[in-house]
Each structure stands twice: as C-alpha cells, then as structure tokens.
Amino acid sequence: MSLVAAEGLTLRYGARTALAGVDLRIAPGEIVTVIGPNGSGKSTLLRALLGILPPSAGRVVRRPGLRIGYVPQRLTIDPGLPLTVGRFLSLPRRQPAAAIAAALARCGLQRFERRQMAALSGGQFQRALLARALLAEPELLMLDEPTASLDQAGKAEFYRLIEAVRRELGCAVLMVSHDLHVVMAASDRVICLNGHVCCQGTPTAVAAAPEYRALFGPGTGGALALYRHAHDHVHDHVHDAVGPGAAAMPDHPGADAPRDAFGDASRDASRDAPGRPRNGAPGPAGAAPQPGPARPEPAGRGHG
Amino acid sequence: MVDDFLLRAGLAGAAVALAAGPLGCFVVWRRMAYFGDATAHAAILGVALALAFSLSVQAGTLLVALAMAATVSALAGRGWAMDTTLGVLAHSALAFGLVAISFVQGVRVDLAAYLFGDILAVSWADLWRIWAGALAVVALLAWRWSALLTATLSEDLAHAAGIDPGRERLVLTLALALVVAAAIKVVGALLIAAMLIVPAAAARAFARSPEAMAVAAVALGGLAVLGGLALSLGQDTPAGPSIVAVAAAIFGAAIAFGAVRRQDGPDG
C-alpha cells in the first residue's frame, strides 16, 4: 500500500489553478524528486499532501498513522529570537536529550545542541532542519527545496546525507527541487510538474560520464545526475499564469537553469515555438546557440 | 510607612510588566509592533464607548481592542501592505476615539489620563482587575507556549506538527487585547506598545533561549516600572512616560552590553 496518494488532485487559488488533476503515489522506501519551474505548484503539491491545503477537487489519501518528517522551504528565524539547536529540535514537543544527540549526530552536527540557530551556516541550518524531521522517526520524509540556498558542493553533500538517512531508516523521500536539470542521483523517480504532471521517469546515470564530471568537477562525488526530459506530449496549451508572449514560451521559462551548456532550453523553445515546423529537425548548430564544451549526448538528438 | 498610592502604583506596574514581558517577546519575534500600536490606540475609542454606555473602562477597552485586532486580521492580505493597513487603522482608531470622547456629554474627562496613563491614581478595585488580566495573559501564554513558538518559526512547520497557526494567532490577539485593557491605566494608550517592545528588545542581549528572554523581559520591565516611579516621585515627572523613558535607557544599556559581549566572543 502506498504511503500517500493524490488522486485527481486539483487546487485553485481564486481564479488561478495551481494544480490540475495530479495523480501521484509514494511507495514505502522510494526516493521521488519533483521538479518544475517557479510557480509550477511544487510547494502547493507538498502542502496538499501534508494536509495543510485542502484540495479544491480530487483527494489525498495518507496511510492511517503515517509518520511524516517535514523540512519546510524557507525558515527565517528573526534575529530577535534566541534559539539553540537543541531547543529547536524540541519544538513543539520536548524530546529526550539522547534522541536529540542521535538525530544531530546522524546529520553531522555532533555537539551542536547549545549553538544558536542564527549562528549556523546555510548547510548546517538545513541539516538541523533535517535532524528535527528525523526525530519523528518518519516513514516519509518530505523536503521542500532543501538545497535552494546551497552551492553545488553543499547540494551534493546534502543529497548524500539524505541517501544515507534513507538507507538507515528505510523511509521514503519526497523532495521538491526547482533545479530542472540537476537532481539527486539516488532518485528512483523524477516527476516533472507544471500545474500538472508533465512527465516522469528514472534519472539517467549521467553522473558517471566524463563530460558530466568536466562540467561539475569531481567534488560532487556522484551525488548529482542529469535528468533528461522525455516529454511524451506536446505543449501547445497556454498556461494562464504566463503573460503575453506565452505562445512562444516552453513549459520551462528560460532563466531557470544553467542549461545553455546542454542546449536543452533552445531545443525546447524551438519545438514549442509556433511558426517553426514541429517535426522539422533543427540543425545542431541552430539548436544550441552556444555549443557547450561538454555535452552528455549529441544535441541533434530527436526530442519529444 | 510606604504611601498607599505608591504601593498600588508599584503593584499595578509589576502586573503590566509581568504580562507585557512574554507577550512583548512574541510581538518582537513576529514583528507585530505596529499591530500592538493599532490595538492600543483603539483603546481610546473603547474609553469613549465605556463613558457613553456607563461600562467599566477596562471592559470598553477590551471589547474595542478585540474588535480592532479582529479587523486587522481580517484585512491582512487583502492587497494592501500590512504596515499600510496597520498605519491607517492605528491612527484612525486614535482619531475616532478622540472625536468620540468629545461627544460624550456631561462627563468631565481627563483625556491625558487615558493617553499617558495615571498610575498614581490606580484604585484597589483597578488593581484587582489589572492583576486578573495580567495573570490571565501569563496563563494563556504558558499554556500555548510551545505551539506559539512553533507557529512563530514557521506556519507550515506548525501545521505539519498538528498545530493550527490561525488558532495561535487568535491566542496572541486575545492576549494583546487583555494587556491593553490592563495597561491603559498604567502607561496610557500611546505608550502601551512601548511596554511591550522595549523590555523584550532589551532582554534579547541577555538571553540564549526564548524562555530566558521572556523572563528577562519581565525583570527589565519591572525595573523600568520601579525606576520610572522613583523618577516621577523625585522629579515630579509624569509617571507613565517616566517608566517608558527608564525602559528606553535600559534598552540602551543592554545594546552596549551586547556589543561588548560580542567583542569578547561569539554569541553562540
């Protein structure tokens, strides 16, 4: 039985539809990454699955008694609020000191109990949030853009930590990322969301490719992988959230990811732009305005 | 023998410091300073209503402060920036209150007593009401403490832990109205927000945990009350503003203390 499932989940804010007919199941122990551009409904999906937002239509089914560990998107602690890491882990319920020490140690924050939250670095702060989520002994760990504020090496380190936690606890992981092309290599499934589920599948093991290493350096230790978009439908619908010029916009607006090295954005654009033959093969040079130094696969590959 | 009126003044001030300390911490952490101002200023309207309908002043201010807080919550997120909404409401509540008081016939109203407080004229009956209000606030905050703190950090985090952030906001709104009703006699409508914010802000320099900050805010607030009363007695200054002036001086000293301590070593 799946831990949590969305069936035809639809969420509207006034006239705007944030999610339309999303079907999703999370099985025990699997790692699922949800990607999509800003405003694609990723956080809304997570909050609906948590039960924070009531669905406008469809439903969310959680297994009865499911223990969820939640790492929220942004947590800004007012500098006027003195809070030690240990006290933070005891919110809202007091936790035994041994459990706090164990959770912190698992996240690489040994003896951080008496440190102030405000004095932590970005990576330490995210690990403290994760440690707090682990205290619930979760069967499902939900993380909302946990690495948004971290640099590439920090992301890789955090992903390795989540992998280790999953190995030790056997919990399922549902993670939201706004990074369109770099996801956790250990993901069993990647779901591309843009108001609806665009596509999903396994991330290819590009991390091992020498071109990939040349791009990100060896520092990531294989924790990052590229996800290739295998779109199985044509995007000629117009999203209501997108303004004039929408017709020429692909599902993933341009400025979101450093993708010129892959040529992906331009290929998306050329495919979706009206007035260009949809099945005409744009030449490799025309497709990638700046042919990157490293490319996992030839740019002229048929797309879609 | 200590003069009776001075004893009553000290006890009234202590009650306000006791309730304003922990509540003031939440006002600082949640950046609700303007919200406190709006609620306190609305109390003048409550005074006018109380005089017109022969209610007790505390009952009138409590009712209007609650109505004001509810209005602010309802208007929040309706397209206007929060500080604009609160700025409009805070000052118009004060203006309408002052206008309304001028319409109350046949009552000679000492307006200054409600604007700046009249702590030296607190009666034993006032004192009982002030302490009842203050203890109610402390009990309410102690009961909801962890939930309030979690909701203050992140509403989503609270939701995921089974806490309704909306209910915790309501708790703070109720506590704020109670403090305003209790404190209007002591420091007056214009300076209530100061008693909430200044001791709490000063306490930040001495505290390493939220609970310690609340306790320190109570202690520093109490110190400000005593100092202000002494200043008022010695120099014949108005009592309410003197209390706030001493609190501000304590805040200045706390800032200096914090700066020195940061130079000695990290605050972590």
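For this structure, a couple of remarks:
- Single match in A:Arg114, A:Arg94 (criterion: more than 21 Å from B:Ala151 (Cα to Cα), within 12 Å of another protein chain (Cβ to nearest Cβ) and not aliphatic (A, V, I, L, M)): A:Arg114
- Any chance B:Leu55 is under 18 Å from B:Gly188 (Cα atoms) and either away from chain A (no Cβ under 14 Å) or part of a loop (DSSP other than H, G, I, E, B) (or both): no
- From the list A:Leu19, A:Leu83, A:Leu9, A:Leu53, the one residue that fits, being within 17 Å of the chain's Cα centre (by Cα) and among the aliphatic types (A, V, I, L, M), is A:Leu19.
- Some residue of the range A:50-59 being of a type in the set (D, E, K, R) and within 12 Å of chain B (Cβ to nearest Cβ): no
- Subset tally (residues that are more than 8 Å from chain B (Cβ to nearest Cβ) and either within 16 Å of A:Ala148 (Cβ to Cβ) or out of contact with any strand residue (DSSP E or B) (no Cβ under 6 Å at 6 or more places or on another chain) (or both)) for the range A:67-78: 4
- Candidates A:Leu104, A:Leu81, filtered to the one that is surrounded by 20 or more Cβ atoms within 10 Å (Cβ to Cβ), without any contact (Cβ under 8 Å) to a residue 40 or more places away in the chain and away from chain B (no Cβ under 12 Å): A:Leu104
- Options A:Leu9, A:Leu75, A:Leu66: the member that is farther than 20 Å from B:Pro165 by Cα and in a loop (DSSP other than H, G, I, E, B): A:Leu66
- Residues (over 23 Å from B:Phe116 (Cβ atoms), over 12 Å from the mean Cα position of the chain (by Cα) and in a helix (DSSP H, G or I)) located in the range B:4-32: B:Trp29
- B:Ala33 meets each of the listed conditions (1) within 14 Å of chain A (Cβ to nearest Cβ); (2) under 15 Å from B:Val171 (Cβ atoms) apart from (2).
- Yes/no for B:Gly133 being in a helix (DSSP H, G or I), more than 9 Å from chain A (Cβ to nearest Cβ) and at pLDDT 90 or above: yes
- Restricting the range B:80-104 to residues that are exposed (fewer than 15 other Cβ atoms within 10 Å of the Cβ) and farther than 29 Å from B:Ser54 by Cα, the residue that is modelled with the highest pLDDT is B:Thr84.
- Selection status of A:Ala207, among the aliphatic types (A, V, I, L, M) and either modelled with pLDDT of 80 or more or outside any helix (DSSP H, G or I) (or both): no
- Long-range neighbours under 6 Å by Cβ, at least six apart or interchain, first residue within 14 Å of another protein chain (Cβ to nearest Cβ) within the range B:10-28, second modelled with pLDDT under 95 and not in a helix (DSSP H, G or I): B:Val28/A:Gly80
The values are calculated or read from the model by the stated rules, or taken from the named source; none is laboratory data. As the structure is a prediction and not an experimental result, all values here were calculated from the model. Methodologically, a virtual Cβ is constructed for each residue, glycine included, from the backbone with ideal geometry; neighbour enumeration extends over all protein chains shown.
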